[in-house]
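The values are calculated or read from the model by the stated rules, or taken from the named source; none is laboratory data. Keep in mind that what you see is a predicted model, and the values were worked out from it rather than measured. Glycine also receives a Cβ, built like all others from the backbone with ideal geometry; neighbour counts cover every protein chain displayed.
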Amino acid sequence: MGESITFWVLAVVSVTAALGLVFSRRAVYSALMLGVVMISLAVLYAVQDAPFLAVVQIIVYTGAVMMLFLFVLMLVGVDSSDSLVETIKGQRFWAIVAGIGFAVLLGLGIGNVLLTAPKGLAGVTAAGNVPSLAEQIFTRHVFAFEVTSALLITAALGAMVLAHRERTESKPTQKQLSRARFLAFGKTGKNPAPLPGPGTYARHNSIDMPALLPDGAVSPLSVNRIIARHEAIEGTIDPEIARILQEEALAEQQAADTRPTKPLDDELGDTEPLADTEPLVEEDAK
Amino acid sequence: MPWLSTLMGVSVLGALGVTLIRNDKLAKQFTLLVSLIVLALTVTMAVQFSPNGDQWQFQENHSWIPAFGINYSLAVDGIALVLILLSVILVPIVVLASWHDAEKGKRSVRTYFSLILVLEAMMIGVFAATDVFLFYVLFEAMLIPMYFMIGSYGGAQRSYAAVKFLLYSLFGGLLMLVAVIALYSIAGKNTFMLSDLIGTVQDVNTQKWLFLGFFIAFAIKAPLWPFHTWLPDAAAQAPAGAAVLLVGVLDKVGTFGMLRFCLQLFPEASAYFTPLVIVLAVIGVIYGAIVAIGQTDMMRLIAYTSVSHFGVITLGVFAMTKGNPGAQDAGAGATLYMVNHGFSTGALFLIVGFLIYRRGSQFIADYGGVQKVAPILAGTFLVAGLSSLSLPGLSTFVSEFMVLSGAFRLHVPAAAIATIGVILAAIYILWMYQRTMNGPTAESVKTLPDLNAREKWVVAPLVALLLVFGFYPKPLLDVINPAVKDTLSSVSVTADQAAAATGVKEGK
Amino acid sequence: MEPAEIASIAQHSGGAIGVAWLMIALPLVGAAVLLLGGRRTDKFGHLLGVLMAVASFVVGALVFVQLLGFAPGERRRGVTLFEFIPGLVDNVGLLVDPLSISFCLLITGVGSLIHIYSIGYMAHDPARRRFFAYLNLFVAAMLLLVLADNYLILFVGWEGVGLASYLLIGFWQHKPSAATAAKKAFIVNRVGDVGLLIAMFTIFATFHSLTFSGVLDRTGDASQGTLTAIGLLLLVGACGKSAQLPLQAWLLDAMEGPTPVSALIHAATMVTAGVYLIVRSGPIFEGTGTAQLVVTIVGVATLLAGAIIGTAKDDIKKALAGSTMSQIGYMVLAAGVGPAGYAFAIAHLITHGFFKANLFLGAGSVMHAMNDEVDMRKYGGLRTVMPITFATFLIGYLAIIGFPLLSGYFTKDGIIETAMEHSAVLGWLAVLGAGITGFYMSRLVFMTFFGKKRWDAKAHPHESPAVMTWPLILLSIGSIGLGAFLILGNRFMIFLSPAVGAPAHSPAFNPFSVPGLATLALVAVGAVFAWMRYGAAEVPATAPRGSFLTTFARRDLYGDALNEALFMRPGQWLTRLAVFFDNRGVDGLVNGLAAFIGGTSGRVRRIQTGFVRSYALSIFVGAAVLVGAWFVVGNL
Amino acid sequence: MTTHYLVLSALLFAIGGVGVLVRRNAIVVFMCVELMLNACNLAFVTFARQNGSLDGQVIAFFVMIVAAAEVVIGLAIIVTIFRTRRSASVDDASLLKH
């Protein structure tokens, strides 16, 4: 009875969370929904005499894997949200049809199978779940286990190789950087000094406090733009900073209007165009 | 001594050796030397062949893929022997004739000559293979060197021609592969040996399907009307030497295959399809000749004459049914025709090749009055042409007469219509001769040089062979006749079946 | 008619007969040396050619003498040379009998004279060596034709003379007309060859042999229908070679060749090969009245057609060519009559060989003198400047029109009488032909040698050198006496009988028979009419328009037009159609299939959008379908 | 009871599949794949109990390991692509076509 209740609660939760995972606009929400599903499943494992897997599920999935997802999301941009407008014709319709069809067919198939009562694992886990599993893994499945370990190491190395960016020129020295800063100053008047830190007061030691200039005015340069934007929305922003921000936004807007739009690749410096439009084989005269 | 393997081995080693030689001239000389060694070895082997001994001689048998009962198994009977002789005689001639042909090619000169030697090894193997699977492998593998010879050293349209040749032949080859596998599993003897497979397929309907699988492949290869259209393109675009090997030897594999495999493996189906094949063959004879008359390109013209001649050969092969009292003549004639046609068309292609090399055009209209400036070229051209129109005294006549005479006793109208081909042959050859060699000398050919010493050496053996076998074909026939007789005994069709299948009423 | 008795073949003769193959081999060697030797043999080429021809004649004469030494019943000697095609024609063998030796002597005798003549005629031609090579080749092939002991080797010779004829007609191949004429001759001959080939197939299928002895002695085994078929097919072959209707069109064009060629090949020897074939195959024709009837009809039709063409031609060689057609028509007519006619056919063939060669060489002599002018309207009055040519030509002329006691008189009269006995209609038509012959030959002679000079300003006619006139003189001797020698006392008929069989009753020569007198009268009328038109009256320099009949004759009875309309035009049309069909139809189908597959794959590859999600969708749908399929199958 | 677990597994699998098909953000797609893998694991665990054999659990364990490895590599690839193309949309990487 207890299992039934647990199942039904967690089934509803996990299905809802799964749907949330699929249909939420924001990737972060999706990630959180996935976490919910995983935890639900961990509990279901535990219910089904698989305590070891339940623990592993929580540690590996909700711990390690989910963290990885969130890290990558941070890297890519937390607030990058999908537009949910479908671009491939018929994709969404057919995907849903196929999904429902698949689920219905599989569900019907499974539902129609007459199953005996579960045998239970009591017989094979006399020594306890974890020791029994360990015995299995290190005896019958030892080869597979070794291979997976190799796979994991390879994956780790692979990830390093993929994420590593080869430096094409030597790292600029302090002298070069300083020189460049002053040259920029001479050319555009950009301040060569480091940005001022946030204001520090007895009551506050947070980055949302602007630094004060010697004349007592706030220094807009010391304000984190994102925080400033939040404050602007909340209406708690310093009016002086708000004005400067507005001017900045205007200037940026103008610059954006006058500057020709360049493809992203160019800005990144990987200027070599992909040679994919060239035919791979020299076609002979027909 | 494993003669046949030695022949193939020498060719292959020669081919490898040629690729190692950096100097083009040396490479050519080496190729010539290798091909002459192969020729000498083959002649030595042929001398030891006893025509009235066993049907299969110089047997070699090694297990190749035991899981499927596939053997590397070689042997020759009289038919295979004369065709191997044809191949190894033509190769040195072609090498000598192609001395400068490969210089304009996309690939290196030595590659061309290496390909010729590779092809030689495969030609020997394909005629000597007595394992159906080995035959199939070599049958298909032969396409590869020829593909490169056309595609890399040919004329302006070479890619089109080479691809068409390859795809067309592959198509037929795949049908044959299906039939080979089906034959293997239906026979259920876990062997591909021809001798073990003969007579294993009893069901006539099965035979018909398998027959078609083999036959279409061979009909494309031969080429029989209406599967012929790849040949004019390929022959016209190939360098002259490659065209000789293509038409002179490679295509013979088609008619050889019909004789060796279609007739022996599927006798009842062959009898069933004989009327159809004879109709196609006769159409081919007349049609090929008529289309040849209308050609403006010499190489294409010769290719179409071959379509016509292959019709005659096919007619002879399929007149080899047991009900036909002329079967022996027809079969021996067809085999002899394969050899003679190799020499005759070879000579024609090579001489036209010399002509084209001088003037740089394949079109008849660009010539005229060459006889005046290059009498030897014109004379040899005429002799080769006359052999193509089966002038008595030249070897092609003997074979054509034997085929038609043998076929006449199977089916009178078919042979009679095919005989009309000799008129058309006169028209296409003499008209081409008239337009290129006779009349006022065209401005563009006024300075055409006559044959040089190398070219004379190319032509002389061919003309000599045509003449000698025209008057004295006995040496060849002595070798061919017993083999044809043995083959006929495998074609276990009774007279009644053949007569019923063809509707022939024997006269007296 | 009962089949004639033919003596059986005796084998293994020694002596000259044993080396009879030398007759063929000598000129063949000559040809080979001259062709392969190239320019090195230019100096002595003509001499070698003549030497080989004469040597061949000497061997022939020795063989003849040896043959005469045997009893008449043993005058058929076989010579086996070497093995040929096992099962089909086991051996290459020669058959020396009265029939073949008669031909041999004619070929080598007249041939040698023409060789000698050619030394002079071709003296200024840079390719004279090649000319002699071809002539030698011709002689060898022609001898092979008549000496062969089986149909297949006969056919080898048959085609060999065709080749030599082709090469010689087209000897001046820089002239497009010559090249075209040569090709035409070969192709028309090939049409006849098809008949001969199929005849051979039928013979082999019926008798399982191609040797004369194996076939001709056993004609009784074959059915009437088969014999008729063989006979008609042989006739087709004969028509091609002998320029009989309907395969006559090539002969007039063949006059493009040098004149000695016209004399040797297209008058004296090669064109008579058809007559030889019919006579040689006598037993086959004797077994079938239908075939014989057709042969006689063809003969009569051709003799009239040739004569009519001869009346209208202004080209001296073409007029003679028409005459040749006509004379061979006589021979074919006689050969179609059966054993009674064979001797006359061959006798006429031999005398014709002499006087027609005489006439042609005479014409060549005239042309030689007149800068190769062939138009008789530009001749006239030549008898004074070319006395020897005129005299010999006159003898030839009298012989051909059948002037009493000259050669033609005996042989032609014999044919007419035999035909008359066979069928009155044929006989009288032959008489009519003789009358026309009288007219056109007289016309030719009058226009050339009599009347006023109508020469071109540049022409300086002169008598030919001795090397050309001596052959003329020798030939005219033959034209005078040979007929009487052969016919009187049935000498030739008796000589030939071991080879072709003797007729049921021997005809006696009767100079005063009705047909004979009628012939003479008609010939005289023709000659007088010709004198009035061309001897006494002025000959206009350009041909008058003439009546419909004249045009009809001038255009070769519309033979060429008919060929053109019936065969050439439709042939060209068919060729174009076939080429079009091959490129668009057969090849179009192949290329169309290739294009279809290419196009389809081009369209199908659009499915590869590059969007991973599309691929994933197809995988997912596939999985769903699999599950569904599992259901369906599982529930079955 | 087993049936219920299996149906739940199928349902989660199907939802994951739809997610893979309709979402364009590569990271979300990846999460959906993980969801599908988890659904499979659930089925394995359920079958292990049903059949009284630990094999199902062992395989589920291996699936987790492989999934972890896959996530590592997959995310690394995403980062690499994002670095060059400034986009994490799977539709943008569509050059391998036609």
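Identify all residues within the range B:402-421 that are at the interface with chain C (Cβ under 7 Å from one of its Cβ atoms) and part of a helix (DSSP H, G or I); write none if there are none.
Across the range B:402-421, the qualifying residues are B:Met402, B:Leu404, B:Ser405, B:Phe408, B:Ala415, B:Ala416, B:Thr419, B:Ile420.
Do you know which residues across the range A:129-184 are among the β-branched types (Val, Ile, Thr) and touching a Pro at 6+ places or on another chain (Cβ under 9 Å)?
A:Val130
Name the residue that is farthest from B:Val403 (Cα to Cα), counting only residues in the range C:164-211 that are within 9 Å of chain B (Cβ to nearest Cβ) and aromatic (Phe, Trp, Tyr).
Among those residues, the one meeting the criterion is C:Tyr166.
Can you pull out the residues in the range B:368-386 that are within 10 Å of B:Thr436 (Cα to Cα) and either among the aliphatic types (A, V, I, L, M) or in contact with a strand residue (DSSP E or B) (Cβ under 9 Å, 6 or more places away or on another chain) (or both)?
Passing the criteria: B:Val370, B:Ala378.
Within the range A:126-175, can you find the residues that are within 7 Å of another protein chain (Cβ to nearest Cβ) and touching a helix residue (DSSP H, G or I) at 6+ places or on another chain (Cβ under 6 Å)?
Selection gives A:Leu133, A:Gln136, A:Ile137, A:His141, A:Thr148, A:Leu151, A:Leu152, A:Ala155, A:Gly158, A:Ala159, A:Leu162, A:Ala163.
For the range C:605-636, name all the residues that are more than 20 Å from D:Asp92 (Cβ to Cβ) and aromatic (Phe, Trp, Tyr).
Once the filter is applied, which keeps residues that are more than 20 Å from D:Asp92 (Cβ to Cβ) and aromatic (Phe, Trp, Tyr), the range C:605-636 yields C:Phe620, C:Trp630, C:Phe631.
Looking at (1) within 7 Å of another protein chain (Cβ to nearest Cβ); (2) over 17 Å from A:Ser14 (Cβ atoms); (3) not hydrophobic (A, V, I, L, M, F, W, C), can you tell me which one D:Asp92 breaks?
The one condition D:Asp92 does not meet is (1).
Of the residues A:Val76, A:Val85, A:Val104, A:Val97, which single one is at pLDDT below 85, under 22 Å from D:Val33 (Cα atoms) and more than 8 Å from chain D (Cβ to nearest Cβ)?
Answer to the selection: A:Val85.
Give the range A:5-23 a look and list any residue that's more than 7 Å from every other protein chain (Cβ to nearest Cβ) and surrounded by fewer than 19 Cβ atoms within 10 Å (Cβ to Cβ), or say none.
A:Ile5, A:Thr6, A:Trp8, A:Val9, A:Val12, A:Val13, A:Thr16, A:Gly20, A:Phe23
Being among the polar types (S, T, N, Q), over 30 Å from C:Pro339 (Cβ atoms) and part of a helix (DSSP H, G or I) is the filter here; which residues of the range C:464-503 pass it?
C:Thr469, C:Ser476
Does the range C:173-181 include one or more residues that are part of a helix (DSSP H, G or I), surrounded by 24 or more Cβ atoms within 10 Å (Cβ to Cβ) and free of Cβ contacts under 8 Å to residues at least 12 places away in the same chain?
Within the range C:173-181, one or more residues are part of a helix (DSSP H, G or I), surrounded by 24 or more Cβ atoms within 10 Å (Cβ to Cβ) and free of Cβ contacts under 8 Å to residues at least 12 places away in the same chain.
Within the range C:445-488, which residues are β-branched (Val, Ile, Thr) and under 30 Å from C:Ala312 (Cβ atoms)?
C:Val445, C:Thr448, C:Ile480
In the list B:Ala327, B:Ala319, B:Ala347, B:Ala334, which residue meets the criterion of being in contact with a Ser or Thr (Cβ under 9 Å, 6 or more places away or on another chain) and closer than 18 Å to B:Leu246 by Cβ?
When all the criteria are applied, what remains is B:Ala347.
So if I check each of B:Ala235, B:Ala289, B:Ala242, which one is within 12 Å of chain C (Cβ to nearest Cβ), buried (at least 24 other Cβ atoms within 10 Å of the Cβ) and part of a helix (DSSP H, G or I)?
Result of the check over B:Ala235, B:Ala289, B:Ala242: B:Ala289.
Name the helices (runs of 4 or more DSSP H) wholly inside the range B:446-503 in which the number of residues that are modelled with pLDDT of 90 or more is 3 or more.
Answer list for the range B:446-503: B:453-471, B:474-490.
Quick check on B:Leu391: is it outside any helix (DSSP H, G or I) and within 7 Å of another protein chain (Cβ to nearest Cβ)?
In short, yes.
In the range D:64-82, what count of residues is obtained for those that are facing another protein chain (nearest Cβ under 7 Å) and either hydroxyl-bearing (Ser, Thr, Tyr) or farther than 18 Å from A:Met67 by Cα (or both)?
2
Suppose the filter is aromatic (Phe, Trp, Tyr), closer than 17 Å to C:Val19 by Cβ and within 24 Å of the chain's Cα centre (by Cα); does C:Phe57 pass it?
Answer is yes for this residue.
Can you go through D:Ser87, D:Ser53 and tell me which one is more than 14 Å from chain C (Cβ to nearest Cβ) and among the small types (Gly, Ala, Ser)? Show your work before the answer.
Values: D:Ser87 fails: more than 14 Å from chain C (Cβ to nearest Cβ).
D:Ser53 is the lone residue from the list that is more than 14 Å from chain C (Cβ to nearest Cβ) and among the small types (Gly, Ala, Ser).
Among the helices (runs of 4 or more DSSP H) lying completely within the range C:9-72, list those that include at least 1 residues that are at pLDDT 85 or above and in contact with a helix residue (DSSP H, G or I) (Cβ under 7 Å, 6 or more places away or on another chain).
C:21-37, C:45-69
When only residues in the range C:581-630 that are of a type in the set (D, E, K, R) and more than 9 Å from chain D (Cβ to nearest Cβ) count, which is nearest to the chain's Cα centre (by Cα)?
Top of the filtered list is C:Asp582.
Every residue, every condition in (1) within 30 Å of C:Leu394 (Cβ to Cβ); (2) among the aliphatic types (A, V, I, L, M); (3) part of a helix (DSSP H, G or I), yes or no:
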{"position": "C:Leu251", "(1), (2), (3)": "yes, yes, yes"}
{"position": "C:Val261", "(1), (2), (3)": "yes, yes, yes"}
{"position": "C:Val275", "(1), (2), (3)": "yes, yes, yes"}
{"position": "C:Phe285", "(1), (2), (3)": "no, no, yes"}
{"position": "C:Thr302", "(1), (2), (3)": "yes, no, yes"}
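Identify all residues within the range B:389-418 that are among the hydroxyl-bearing types (Ser, Thr, Tyr) and either over 30 Å from B:Lys322 (Cα atoms) or surrounded by fewer than 24 Cβ atoms within 10 Å (Cβ to Cβ) (or both); write none if there are none.
Filtering the range B:389-418 for residues among the hydroxyl-bearing types (Ser, Thr, Tyr) gives B:390, B:395-396, B:399, B:405.
Scanning the range B:389-418 gives no hits.
Look at D:Leu42 and say whether it is closer than 22 Å to D:Thr3 by Cα and facing another protein chain (nearest Cβ under 7 Å).
yes
Is it true that D:Ala14 is small (Gly, Ala, Ser) and under 20 Å from A:Ser14 (Cα atoms)?
For D:Ala14, the condition - small (Gly, Ala, Ser) and under 20 Å from A:Ser14 (Cα atoms) - is met.
Give the range B:295-315 a look and list any residue that's farther than 16 Å from B:Val422 by Cα and within 13 Å of chain C (Cβ to nearest Cβ), or say none.
B:Gln295, B:Thr296, B:Asp297, B:Arg300, B:Ala303
If a residue has to be closer than 26 Å to B:Phe58 by Cβ and outside any helix (DSSP H, G or I) to count, how many in the range B:101-129 make the cut?
Residues meeting the conditions: 1.
Which of the residues spanning the range B:341-380 are more than 13 Å from chain C (Cβ to nearest Cβ) and either free of Cβ contacts under 8 Å to residues at least 60 places away in the same chain or under 17 Å from the mean Cα position of the chain (by Cα) (or both)?
B:His341, B:Gly342, B:Phe343, B:Ser344, B:Thr345, B:Gly346, B:Ala347, B:Leu348, B:Phe349, B:Leu350, B:Gly360, B:Ser361, listed by residue number.
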